[in-house]
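Shown next, in structure tokens, is the structure this report addresses.
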Amino acid sequence: MSFSSAEELSPRESVLVERRYAALHRFDERIPALYRPPIDLPKEVLDWVAGWGGASLFLTGHIGVGKTHTAWQTCRRWLEVQYAADRSWRGTPVIKMFRSTALFDALRPDAPSGEGRTLVRELQTCDLLFIDDLAAARPTEWTQERLFELFDERYINRRPVIVTSDVLPNHLSEVTGPRVASRLAEMCRGSVALLRGDDRRKEPRP
Ligand SMILES: Nc1ncnc2c1ncn2[C@@H]1O[C@H](COP(=O)(O)OP(=O)(O)O)[C@@H](O)[C@H]1O
Ligand SMILES: [Mg+2]
């Protein structure tokens, strides 16, 4: 679909343009300030967005290479393309984001009654789930069970996840447990992006 000239847009296209603009604006307000500037996205990421059909994306690389920034901007790009005519949604796609440590805090059994279960359901069913720094939380049987609950439900329904982690996918089993690692391997097959380079946080500011 081309949005080149306002006069040429059909009523349906105009509605999509407006909805896309509003959704991107709301999403931009959720992006932490550090990760708001647009960046060049790696080819694997652009391919994933372009060919998206329910597959997930795994972004890996050393600390500071740009995984979290890339993931936020990938979510934004994903949201943008959902408004193309051939992918048009009836509502607004729901994107949920959690850093793994905050995720486990929110899911703690002593969270106010019922909230943990509601959150699990939201994270199982949202249109795109972004889990940042998957290996940041110390793994326990309990964290692995929580991840299994989320990933298994998303896996069987082909709902996408964007994961960032400085642990390579083939070492993930120690973090997530073998059941989640196995599902993730299939969900992210063909869409693992290894970001290379030095720690950008150590680069001098321009
Ligand atoms: N492609 C990029 N171009 C310019 N700066 C970037 C890029 N990717 C990340 N950064 C910056 O580098 C720093 C580290 O990025 P971050 O995504 O937090 O790294 P990681 O999650 O891999 O530890 C941040 O200041 C971020 O804004
Ligand atoms: Mg990060």
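In summary, residue 180 fulfils each of the numbered conditions (1) under 16 Å from the mean Cα position of the chain (by Cα); (2) away from ligand 2 (no atom under 16 Å from the Cβ); (3) buried (at least 20 other Cβ atoms within 10 Å of the Cβ) with the single exception of condition (1).
Screening residue 134 on (1) outside any loop (DSSP other than H, G, I, E, B); (2) open to solvent by less than 20 Å² (accessible area, probe 1.4 Å) shows it passes everything except condition (1). The residue pairs whose first member lies in region 123-134 and is on the phi > 0 side of the Ramachandran plot, whose second member is open to solvent by less than 10 Å² (accessible area, probe 1.4 Å) and assigned to a strand (DSSP E or B), and whose beta carbons are closer than 7 Å, counting only pairs six or more residues apart or on different chains, are 133/164; 133/165.
Screening region 66-76 for residues that are open to solvent by 10 Å² or more (accessible area, probe 1.4 Å) and touching an Asp or Glu at 6+ places or on another chain (Cβ under 8 Å) and picking the one that is farthest from ligand 2 (Cβ to nearest atom) gives 76. Which of (1) closer than 20 Å to residue 203 by Cα; (2) part of a helix (DSSP H, G or I) does residue 39 not meet, given it meets every other one? Single failed check for residue 39: (2). A search for C-beta distances below 7 Å between a residue of region 89-100 that is assigned to a loop (DSSP other than H, G, I, E, B) and any residue that is among the aliphatic types (A, V, I, L, M), counting only pairs 6+ apart in sequence or on different chains, returns 92/23; 93/79; 93/128. Contact annotation: residue pairs with Cβ atoms under 6 Å, 6 or more positions apart or on different chains, pairing a residue in region 27-45 that is at negative phi with a partner that is β-branched (Val, Ile, Thr) and assigned to a helix (DSSP H, G or I), are 45/74. Among residues of region 52-64 being open to solvent by 10 Å² or more (accessible area, probe 1.4 Å) and among the aliphatic types (A, V, I, L, M), the one that is nearest to ligand 2 (Cβ to nearest atom) is 63.
The set of residues in region 124-156 being over 23 Å from residue 109 (Cβ atoms) and out of contact with any helix residue (DSSP H, G or I) (no Cβ under 8 Å at 6 or more places or on another chain) consists of 127, 156.
The values are calculated or read from the model by the stated rules, or taken from the named source; none is laboratory data. Treat the numbers as computed from the prediction; the structure is a model and nothing was measured. Positions of Cβ are backbone-derived with ideal geometry, glycine not excepted, and every protein chain shown enters the neighbour counts. Accessible surface is based on the protein model in full, side chains and every heavy atom, while ligands, DNA and RNA are left aside. Shrake-Rupley method; radii C 1.70, N 1.55, O 1.52, S 1.80 Å.
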